[in-house]
Every structure is written in C-alpha cells, then in structure tokens.
Amino acid sequence: MSAPLLSVRGLTARFRAGGREVTAVDDVSFDVGEGEVLGLVGESGSGKSVTLRSLLRLLPSGARVEGQALWQGRDLVAMPDARLRRVRGGAISMIFQEPMTALNPVLPVRVQIEESLRAHTALDRAGRRARARELLDLVGIPDAARRLDEYPHQFSGGMRQRAMIAIALASEPRLLLADEPTTALDVTIQDQILKLILDLKDRLGMSVVLVTHDLGVVAETCSRMAVMYAGRIVEQGGVREVFASPRHAYTLGLLGSVPRAGTERSALRSIEGTPPGLAAIPPGCAFNPRCAFATTVCREVRPDLSPRTPGHLAACHHSDRVAQASLAA
Amino acid sequence: MSTPEYLARRLLQLVPTLIAILVVVFALVRLLPGDPASAILGDRALDADVERINREYGFDRPIPVQFGIFVRQVLTGDLGDSTSLKVPVAQLIAERLPITMLLTLMAALISVALAVPLAFVAALCRDRLADGMIRGAFQVGLSMPVFYLGLILLTVFGARLGWFPVGGDGDGLLDLLYHLVLPAITLALSLAAVLMRNLRAAIIDVVDADYVTFARSKGLRGSLVLLRHVLRNALISTVALFGLSIGTLLGGAVVTETVFAIPGAGRLMVDSITGRDYPVVQGLTLALAVLVSLTFLLTDLLQAWLDPRIAR
Ligand SMILES: Nc1ncnc2c1ncn2[C@@H]1O[C@H](COP(=O)(O)OP(=O)(O)OP(=O)(O)O)[C@@H](O)[C@H]1O
Ligand code: SF4
Ligand SMILES: [Mg+2]
C-alpha cells in the first residue's frame, strides 16, 4: 500500500465525568488509504463516534485528546485552530449519526450548505446558490430549487441525511468520516443512503471511514475493518481475513450470526452480558468478564494489539484458540 | 403555515384578549365597594351629585347597556374626565404614558445590551472565575429592592458626582432621555439578571448540541458558529421570558418613577389610586393592558422569526 492518506497513532480521548477522568478512546491507531473504505464496528458506547470526533477536535470543551493524526504530513491533533478549520469541512468532512439533530432547526437548508461553500471555496453569491442546488441534485433530493429554502423540519429523516451528505460534500473532501449514516433511518431508506455514499465515493474518489453496526455492510463495502471494544481497537485487518478467521474472541462473537457470504444484512449479534462502563473498565483484557476463552492472564495482563498474520492485528492472549474455534465452527 | 397566515392568526387572537381587557376594566369600577358613583365621587358625596353621576355615566341603566356605552366611549377615545385634575383622562394618558413607555423601552434595551454579552462570557467560561464574578454581581443586583438600588444610583451618580439629573423629566426629548438614564438603569438591572441567567443556561445547553458540532465540523469560524448557530437558538427561550417580564418591568416603572420623581404613567397610577380618581385608574389600566398585550404580540412575532418551526 502506498503512503496512507490519514495515519492515526495512539489517539486517546478523555472526559471529565463526575470529578474524575474517564478514557473513552484509548490508544487507537489505524490508517486510511487513498480511495479506501475502512469499516469501524463495535457495540454502542465502544468509542466509535468519539474517535471520529476527536480526529477533527470536535469534542466538547473539557475533553482532552492526545496522540497523533497525520494528515498530509501534518498532525491534526496539534495543528493551530486556523489551519484545522481549513481541514474541517474542507479536505475532511463528517456526517453525523443523527440527521434529526445535526442540522440547525432555525436555518434554511440553503444557508447551511452555502456557509460551507463560503468557508472553503472562492465562489461568489450566485456561484454558491448554483452550487448548493447542484449538491442537492447530486444527493438525489428532488425539486432542489424549492427545497433549498425549506427548513430541516420540513425534510424527512432520509432527506435530512441526504442534505447532511450534500453539506459534507460541498468542498469535495478527500476523506469522509461517516458516523453510522444509516442507523437512525428506516430500513428501506438505509440501503439508498449507503448506495449514495458509495456511489459518491467512486465518483469523487474519496476515502471513507464508515462507522456501522451492520457487519453485512462491512462485508459488502469495506476493504479493511477495525473492531472497537471499550475504547480500544481489539482487532484490525482485511475484511476477508477477519471474517474468515477472527483472532479476537469479541469479533468471533460478533461474527457468530453473520452468514459467511456476507450478503444478508444483520445487526451485531448480541453477546452475553453488557459492555463495561467507562468508569469501571476491567483490568487485563476489558472483554474478559464476557469471554468464554478467558484465563488468568486475561484478567491480569492487558493484551497488546499486535500482528498475528501480516496485516491482521488482534489484542487477544488466545488469538490462536479463537482462530481455531472459528475454523471449527 | 406561512408567515402572513401566522401573522393574521396572531392578530385575530388579539381580539378576544382586547374584549377580555374591556370586560375586566369595566367590571373593575363596578366591583369596587359601594356604588360606582360614590366610588367616583368619594364617600362624602351628596345625593344629588350621586344621581347626576349615575345619569351621566349611565349607572342606572342595565349592565349590558352600560357595557355597550362603555365600549362605544372607549372606541371613540373618550375615557371620561379625571375627578381630581378635571381634564380628560385620554389627554392625561397621552401626556404621561409615552414617558413610561420610553423609560421601559430604554430599560429593556439596556438589560438586553447587558445580558447578551455577559451571558456569553459566563457560559463560555462556565464554572471559571469570570462566570462566578458575573453571576455573583447579578445575584447582588437581583436581591436588591428596586427603590434601594435607585436611591444608591441617585446618590452616587446624581447628587455626589453630578453626572445625571436627580429627578424630573427635563425639557424636550433629548433632555428627557438624559433624565431617564439613571431610572432606566435602575429598572434594567433586575431584568438583565433574569435574562442573563436564562440565556447563560440556554447557551450552555446549545453549545454542545449536535447541530453546533456539525457546524464546527464544516470549518466555520468560531464567531460565526456562536452568532449564527448558538445565539439564535439560545435566544428563543429568552425572548419568551423577556415577553413575560414586560408586566414586571411596568410594575418596576411605577416604583422607579416615584423614586426619581418622573411624571410618567406609573406616578399617575399611584396618585390616582391614593386620590381615588377612578376614571383615571380605569383609563390607565385599560391603556397599560393594551400595551402589554401588544408587547406579547411583538415578542411572539420575534420568536416566530427566530424559530421558523413556530410560524411555518
Ligand atoms: N461529552 C462526553 N462526556 C463524557 N462522556 C462521553 C461524552 N461523549 C461520549 N462519552 C462517552 O464515551 C463513550 C463512547 O461514546 P461514543 O459516542 O463514541 O460511542 P459509540 O461507539 O459511538 O456508540 P454508538 O454506537 O451508540 O454511537 C461512551 O461511554 C460515552 O458515554
Ligand atoms: S484476551 Fe482473553 S479475555 Fe480477552 S478476548 Fe482474548 S481470550 Fe478473551
Ligand atoms: Mg456513535
């Protein structure tokens, strides 16, 4: 692989919650290549959204972000605000999980698209108007000219998500951070939005980090994937390798109910028990209380995320046993 | 619903309000202890006078007829004559009410000018020194009675430093404005404190909202995010509170006008009540009630402009 577009190393995000500090994202590292779609999966609360938001330093004030996120040789985490502003919504755009709350309710959609164009292009007023309309056309919103002057509450959920995608595409980004772009939508709309994103990715030559709950989507659309648990990446590798022989017990559990062909949609299989709260992450491997493979070492020593086969990383003391179990299944 | 439709509907809602105001004001004089004539004339009225008044005001006619007469008089701008000053009530109101309106308007502007920037500073420095100082200062302001605050300002900036006149309404509009500065500040502070507290909380609420984060993710300047995305949304609830505070503000104007010896509607009201000048009380109550409902209308329209979900 040529030099990655984005290279994240040791990304850590902490919040102060009730007087003490909790770590929502812990030492996360991954690369995103040119034109690649990286899938990021994990249960609710595992830190997927915080990971994406901390890349662009969008966490609420009071949150602390450490580590590195190298973008074209520059570190997003340490970059001065003014420079970061040019990257935000410029080279790197983000679409949010909740289309119902991510658009400003009191501003017409036109204003919300045009302000992005104003920030990142040299277009004049008329140019911005024309471009805003093109963008709505591009994301498949019918009757764009009229809808531009409407407010978000006049849009359905799917249409709002399209509008948000239009805003994200305003400056032709090279990387799109898509945070569960379909989770909040009706099942029938989910496919359309996903297709739209992938289609636009091909047409505009973007890379995408796709956060999803849906392993079927990962199998269909991503080349590589990373699995998060309790703020850490516990497994990472090519989608085919990970699906064929997962090397972390949590991933194995997730994959348990997914058809091998990967054509059918299925949500993450529920694994016995619940993920730990941030304030009470167990010592050793955070997954150990729920893990069928756990031994003493799992309760005491935190496993490092390290290569098990070339390009396939896992943070599990018993990754070989896990791999064997998956083959036996 | 379109904006003109909303406007029409809101104007239509004013009709029952105005009718209710007329009914209440009409009942006011008739519910006073004793008959209305002696209420108007005082306890020691002569029988002949009482009869004359009853005829003049139509108090001897059936109630619905009386109400009809009252409404017709109000609509033609005839509010009767002041019993103590012997001039038409309408004329008194026309002289005095504008002063009070000006005072209230100045106070409203000052309180907004104080509350908005300070709420921003307090909210963005939440739980740090600046926040604590602003909130502490306003807490003191809020717990001080209006007349006491007025006296302090009067003593310091009026008498001691001589920067402002110590009372009265001056000569001409500019001089009047000058005379109203201290009273307006006096009146403004408690409203400013209430608005500041509300707006601070609203800003804190909005500043981490998803749509604000999304706006930041577009690479907008911080100031643009604050003004376009945060302030506008935060103001919606504060504008509602502002509208509701107008009545309180007018009440405060009464006290303030007394402290600063300003011949406004507040003073007139106090004097008329103590002097049992009921036609004036009635006329003034009517005028103030109409004024307050018009202010409600205005704040509603302002809110609808801020929040398109209301009107559209
Ligand atoms: N502003 C915040 N303050 C404190 N804790 C936070 C904050 N934002 C997120 N967290 C915590 O960080 C953890 C990770 O949250 P995150 O939103 O990244 O999860 P997620 O993987 O995106 O989950 P989901 O699938 O539900 O979107 C959660 O435990 C959450 O409670
Ligand atoms: S390290 Fe131990 S507890 Fe964690 S997943 Fe592997 S086997 Fe299970
Ligand atoms: Mg999330």
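Sorting the segments B:282-293, A:122-133, A:317-328 by their residues' average number of neighbouring beta-carbon atoms within 10 angstrom, most packed first, yields B:282-293, A:317-328, A:122-133. In the protein assembly as shown, what percent of the accessible surface is made up of carbon and sulfur (1.4 Å probe, ligands and nucleic acids excluded)? Using a 1.4 Å probe with all protein chains present, the protein assembly as shown comes out at 59 percent carbon and sulfur. Once the 1.4 Å probe is applied to the protein heavy atoms, the protein assembly as shown comes out at 46 Å² accessible per residue.
Note on chain B: Cα-Cα pairs beyond 28 Å make up 53% of the total pair count. Against chain B, whose longest principal axis is taken from its Cα atoms, helix B:278-306 shows a tilt of about 20°. Other protein chain C-beta atoms within 10 Å of residue C-beta, averaged over A:115-122: 3. Other residues within the sphere of radius under 11 Å centred on the Cβ of B:G80, judged by their own Cβ, net out at -4 (K and R +1, D and E -1).
Here, the stretch B:50-184 has an Rg and a Dmax of 23.1, 71 Å when only alpha carbons are counted.
Note on the stretch B:83-153: the alpha carbon radius of gyration divided by the globular reference 2.2 N^0.38 Å gives 1.69. Counting charges near A:P60 (Lys, Arg +1; Asp, Glu -1) among other residues having Cβ under 13 Å from its Cβ returns a value of +4.
Within the protein assembly as shown, all pairs of alpha-carbon atoms sorted by distance into 20 Å bins from zero give the percentages 16, 35, 25, 17, 7, 0. With everything on Cα atoms, drop me the angle between helix B:129-143 and the longest principal axis of chain B, reported from 0 to 90° to the nearest 10. For B:129-143 against chain B, the angle is about 10 degrees. Summing charges over all other residues whose Cβ lies under 14 Å from the Cβ of A:V297, with Lys and Arg as +1 and Asp and Glu as -1, gives 0.
Farthest toward the dipole's positive end in the stretch A:99-242, which of A:H213, A:L177, A:Q190, given Cβ charges of +1 (Lys, Arg) and -1 (Asp, Glu) about the Cα centre? Towards the positive end, the residue furthest out is A:L177. Taken residue by residue and averaged, Cβ atoms of other chains lying within 10 Å of the Cβ of B:218-226 number 6.
Kindly provide the pair-distance distribution of the stretch B:177-272 built from C-alpha pairs, with 5 Å bins from 0 and whole-percent values in order of increasing distance. Per 5 Å bin, starting at zero, the Cα-Cα P(r) for the stretch B:177-272 comes out as 3, 12, 18, 14, 12, 11, 9, 8, 6, 4, 2, 1, 0 percent.
Every Cα-Cα pair of the stretch A:1-125 was included, and the share exceeding 24 Å stands at 37 percent. In the stretch A:41-93, the inverse of the mean reciprocal separation of distinct Cα atoms equals 11.9 Å; this is its Kirkwood hydrodynamic radius.
Its residues counted as N, the stretch A:6-222 yields a C-alpha radius of gyration over 2.2 N^0.38 Å of 1.01. Taking label positions 7 Å along the Cα-Cβ direction at both A:S156 and A:R203, the computed distance is 2.1 nm, reported to one decimal. Centre-to-centre, using Cα atoms only, the stretch B:202-253 and the stretch A:121-190 are separated by 25 Å. Averaged over residues, the count of other Cβ atoms within 10 Å places the peptides B:195-201, A:272-278, A:43-49 in the sequence B:195-201, A:43-49, A:272-278, highest first. The value of relative contact order for the stretch A:56-119, using C-alpha pairs under 8 Å at least six residues apart, is 22 percent. Taking 7 Å steps out from each Cα toward its Cβ at A:R240 and A:E21 produces label points 4.4 nm apart.
For the segment A:85-97, counting C-beta atoms of other chains within 10 Å of every residue's C-beta and taking the mean gives 3.
A full extension of the chain between B:A8 and B:Q73 corresponds to an added length of 20.7 nm, given 0.36 nm per residue minus the alpha carbon distance. Given a Förster distance of 25 angstrom, what is the FRET efficiency for B:R135 paired with B:L244, based on the Cβ-Cβ distance and rounded to 0.05? Between B:R135 and B:L244 the formula returns 0.70.
Among B:68-80, A:178-190, sorting by the average number of other beta carbon atoms lying within 10 angstrom of each residue, highest first, gives A:178-190, B:68-80. Each of A:R302 and B:V270 was given a label point 7 Å from its Cα along the Cα-to-Cβ line. The distance between the two points is 7.0 nm.
On association of chains A and B, roughly 2300 Å² of accessible area becomes buried (total for both chains; probe 1.4 Å). Residues of the stretch A:45-67 whose accessible area (probe 1.4 Å, heavy atoms of protein chains only) drops by at least 50 Å² once all protein chains are present, relative to their chain alone: A:L58.
The values are calculated or read from the model by the stated rules, or taken from the named source; none is laboratory data. Computed from a prediction, not measured in an experiment: that's the story for all the values here. Using ideal geometry, Cβ is built from the backbone for each residue, glycine included, and neighbour counts are taken over all protein chains shown. Remember, those area values only see protein heavy atoms, side chains included, never the ligands or the DNA or RNA. Shrake-Rupley method; radii C 1.70, N 1.55, O 1.52, S 1.80 Å.
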